[in-house]
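Enquirer: Pasting a structure here, questions to come.
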Amino acid sequence: VGFQKILTLTYVDKLIDDVHKEFRDKYRNEFQQKGTLGLLNSTFDFKDDFMRLLREAEESSKARAPTVMKTFEQSQKSQKTVKCMIETRGEKPKEKVKTKKNKGSKKEGTEAAVAAGKASAGDKQPSAAGEKEELTKDEILQKNREEFFKRHMKAGEKSRSPKPEAQKEKGKKPRVWDLGNSNAKVLDYSNSATNGSVEASPVEEFDPDIALGDRNREPGRLYDLEYDSDDEAEEEKVIQSPLKSSVKKGGLGGMFGMLKGLVGSKSLTREDMDPVLEKMKDHLIAKNVAAEIAVQLCESVAKKLEGKVMGTFTTVTSTVKQALQEALVQILQPQRRVDVLRDVMDAQRHHRPYVVTFCGVNGVGKSTNLAKISFWLIENGFSVLIAACDTFRAGAVEQLRTHTRRLNALHPPESHGGRTMVQLYEKGYGKDAAGIAMEAISYARNQGFDVVLVDTAGRMQDNAPLMTALAKLIAVNAPDLVLFVGEALVGNEAVDQLVKFNKALADHSMAQTPRLIDGIILTKFDTIDDKVGAAISMTYITSKPIVFVGTGQTYCDLRSLNAKAVVAALMKA
């Protein structure tokens, strides 16, 4: 029993149960008479019984002899002959023949007619059966093969009819989706040979509700992020929790302890705040705040509160939480605020286009959010030229072309005095992105466009050649606004992306004062619920504002950052 890992005994459990029952039944009377204390000095003669039980357990657990497999001669398969396994043509196996009941007079009539037909050929059947019995196995197989080939040759001759069939149309027919666009000609680029500079996209007919979403919105307005916070309920829980714990202690001591904890009679020390700050740090990391930034935030809050006298009827938890909320709001509201509409109007007064460059890693939604910003600018009365500078990713130019066509359908030239509000400037694939951006800006200046939106290829922050190309594009064209597009899904990766993008722009820039990232677009915000820590990480590491927030798939799903709403979501338990 003590060395089960060395020697595994299968009968141990049964032996213990049997010994327990035998001992209990044998000395039941003594237990009842002497009691527990009387049994301590008693002796029990149980050795013979134990050895008997042990032998029985060992004998019952002896391994049984393995079952011997049947030989082939003992199996049912050996009883079958080769002759009974051969199925000749025209004969049905005996096992599959079943008698069927008559299901109607019509069936009986047809069976009678078939029987009469078979009766005429009855004389030939015995002789054929006799021949088959005399044939060997190889001769039967050869005969079956000849009949098989004859039958297929006749079927091939019947299929060759003199009448010519209608020729089928060559080519693959496009699939028509239930919720898709029925206008297939608009999507056909097979005969398009245009790879020119500017494309005046044809107007496309489609349901505006799909592209716009909310039709009751105010055109041109950029709404703030909304979040229903439960701050009041949380504060009540925080204040009530020490009350309940102190009341449980009971008596006057618990009441005086409660008052002493609430009334502001002492200053905060690091030892008082450390447990609360540790919980706050774990909470921030769980909400996607980068771990390094969460530690720095808690350290700054601790230094700010150390030595501060708490207010009346406040707890350490509520004081630390309030200080952390104020620090987070301050981080999300940088000193420099980007007002795109004001800057565009200022560029108009100087008779030049306002240039915005989008950059970021792969798959974060640069092109999609560029289209949303285009729609927002058009609704505010500004004309937009989209520069397709992503000459690497397959389908990038076609994606922007589709967005351009959709935007022109939502805002046709007839609604703007015959003026096309959005155009696409593209030179195809494999070209120099910096050169295309320069040509697009020059074209926009000559044609009187208000805004140029430059779409760039996605690139990882560790790819030195691509980061050098991005720094060249920004240094050569000197855009008014450089926006970094980042996902709200990332955690620690947000810090690495922004630090390395800024470092690459600084290292590879030819100017003395290198141009860095001016603002941030936070995308896929509708996929994270209350895990909004990426917003804190990005603004903390760069001190740059979040200019736009992407919240969906329609053109109207673009919001401005509401710092208090984000902090409320971040502090939610």
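The values are calculated or read from the model by the stated rules, or taken from the named source; none is laboratory data. Small disclaimer: the values here were computed from a predicted structure and weren't measured. We place every Cβ from the backbone using ideal geometry, glycine too, and count neighbours over all the protein chains shown. With ligands, DNA and RNA removed, areas are computed over all heavy atoms of the protein, side chains included. Shrake-Rupley method; radii C 1.70, N 1.55, O 1.52, S 1.80 Å.
Enquirer: Show the residue pairs that are 6+ apart or on different chains and have beta-carbon atoms under 8 Å apart, the first residue being within the range 69-87 and surrounded by 10 or more Cβ atoms within 10 Å (Cβ to Cβ), the second being modelled with pLDDT of 70 or more.
Expert: SER78/PHE72; ILE86/LYS137; ILE86/ILE140
Enquirer: Within the group THR554, THR527, THR523, THR513, which residue is assigned by the TED database to the domain that holds HIS403, without any contact (Cβ under 8 Å) to a residue 12 or more places away in the chain and more than 25 Å from ALA323 (Cβ to Cβ)?
Expert: Details: THR554 fails: without any contact (Cβ under 8 Å) to a residue 12 or more places away in the chain; THR527 fails: without any contact (Cβ under 8 Å) to a residue 12 or more places away in the chain; THR523 fails: without any contact (Cβ under 8 Å) to a residue 12 or more places away in the chain.
Being assigned by the TED database to the domain that holds HIS403, without any contact (Cβ under 8 Å) to a residue 12 or more places away in the chain and more than 25 Å from ALA323 (Cβ to Cβ) holds for just one of THR554, THR527, THR523, THR513, which is THR513.
Enquirer: Here's a follow-up. Restricting to helices (runs of 4 or more DSSP H) lying wholly in the range 466-573: which have 1 or more residues that are acidic (Asp, Glu)? Reasoning before the result, please.
Expert: Values: elements: 492-507, 533-542, 563-571.
Helices (runs of 4 or more DSSP H) meeting the threshold: 492-507.
Enquirer: Being without any contact (Cβ under 8 Å) to a residue 24 or more places away in the chain and hydrophobic (A, V, I, L, M, F, W, C) narrows it down to one of LEU561, LEU466, so name that one.
Expert: Working: LEU561 fails: without any contact (Cβ under 8 Å) to a residue 24 or more places away in the chain.
Every option except LEU466 fails the conditions.
Enquirer: Further question on the same structure: Is there a residue being at pLDDT 90 or above and part of a helix (DSSP H, G or I) anywhere in the range 351-365?
Expert: Checking the range 351-365: not a single residue is at pLDDT 90 or above and part of a helix (DSSP H, G or I).
Enquirer: Take GLN296 and decide whether it is open to solvent by 40 Å² or more (accessible area, probe 1.4 Å), at pLDDT 90 or above, over 42 Å from the mean Cα position of the chain (by Cα) and of a type in the set (S, T, N, Q).
Expert: Values: open to solvent by 40 Å² or more (accessible area, probe 1.4 Å): yes; at pLDDT 90 or above: yes; over 42 Å from the mean Cα position of the chain (by Cα): no; of a type in the set (S, T, N, Q): yes.
Considered against the rule, which asks whether it is open to solvent by 40 Å² or more (accessible area, probe 1.4 Å), at pLDDT 90 or above, over 42 Å from the mean Cα position of the chain (by Cα) and of a type in the set (S, T, N, Q), GLN296 comes out as no.
Enquirer: If you don't mind, there's one more thing I want to ask. Only one of VAL320, VAL338 is free of Cβ contacts under 8 Å to residues at least 60 places away in the same chain and either open to solvent by 10 Å² or more (accessible area, probe 1.4 Å) or closer than 30 Å to LYS304 by Cα (or both). Can you tell me which?
Expert: Values: VAL338 fails: free of Cβ contacts under 8 Å to residues at least 60 places away in the same chain.
Only one candidate qualifies: VAL320.
Enquirer: Being in a helix (DSSP H, G or I) and either in contact with an Asp or Glu (Cβ under 7 Å, 6 or more places away or on another chain) or open to solvent by less than 50 Å² (accessible area, probe 1.4 Å) (or both) is the filter here; which residues of the range 403-414 pass it? Before the answer, list the steps.
Expert: Kept after step one, since they are in a helix (DSSP H, G or I), are these residues of the range 403-414: 403-410, 413-414.
HIS403, THR404, ARG405, ARG406, LEU407, ASN408, ALA409, LEU410, PRO413 - these are the residues of the range 403-414 that are in a helix (DSSP H, G or I) and either in contact with an Asp or Glu (Cβ under 7 Å, 6 or more places away or on another chain) or open to solvent by less than 50 Å² (accessible area, probe 1.4 Å) (or both).
Enquirer: Which one is nearest to GLY428 (Cα to Cα) among residues in the range 376-402 that are assigned to a helix (DSSP H, G or I) and open to solvent by 10 Å² or more (accessible area, probe 1.4 Å)?
Expert: GLU398
Enquirer: Still on this structure, I have one more. May I ask you to verify whether VAL344 is open to solvent by less than 20 Å² (accessible area, probe 1.4 Å), assigned by the TED database to the domain that holds PHE525 and either touching a residue at least 12 places away in the same chain (Cβ under 8 Å) or touching a helix residue (DSSP H, G or I) at 6+ places or on another chain (Cβ under 7 Å) (or both)? It would help to see each step written out before you state the result.
Expert: Values: open to solvent by less than 20 Å² (accessible area, probe 1.4 Å): yes; assigned by the TED database to the domain that holds PHE525: yes; either touching a residue at least 12 places away in the same chain (Cβ under 8 Å) or touching a helix residue (DSSP H, G or I) at 6+ places or on another chain (Cβ under 7 Å) (or both): yes.
The answer is yes for VAL344.
Enquirer: Ok, one more. List, please: which pairs have Cβ atoms under 7 Å, are six or more places apart or on different chains, and start with a residue in the range 402-429 that is in contact (Cβ under 8 Å) with a residue 60 or more places away in the chain and not assigned by the TED database to the domain that holds GLY381 and end with one that is buried (at least 22 other Cβ atoms within 10 Å of the Cβ) and not in a strand (DSSP E or B)?
Expert: Final answer for the pair search is none.
Enquirer: Any chance you could count how many residues in the range 502-543 are closer than 18 Å to LEU489 by Cα, open to solvent by 50 Å² or more (accessible area, probe 1.4 Å) and of a type outside the set (A, V, I, L, M)?
Expert: 6
Enquirer: Let me ask something else. If you check ALA433 against the conditions, is it modelled with pLDDT of 85 or more, surrounded by 22 or more Cβ atoms within 10 Å (Cβ to Cβ) and out of contact with any helix residue (DSSP H, G or I) (no Cβ under 9 Å at 6 or more places or on another chain)?
Expert: Values: modelled with pLDDT of 85 or more: yes; surrounded by 22 or more Cβ atoms within 10 Å (Cβ to Cβ): yes; out of contact with any helix residue (DSSP H, G or I) (no Cβ under 9 Å at 6 or more places or on another chain): no.
So ALA433 fails the test.
Enquirer: Related question: Would you confirm whether or not the range 327-349 contains a residue that is in a strand (DSSP E or B) and at pLDDT 90 or above? Outline the logic, then answer.
Expert: Step one: filter the range 327-349 for residues in a strand (DSSP E or B), giving none.
Among the residues of the range 327-349, not one is in a strand (DSSP E or B) and at pLDDT 90 or above, which makes the answer no.
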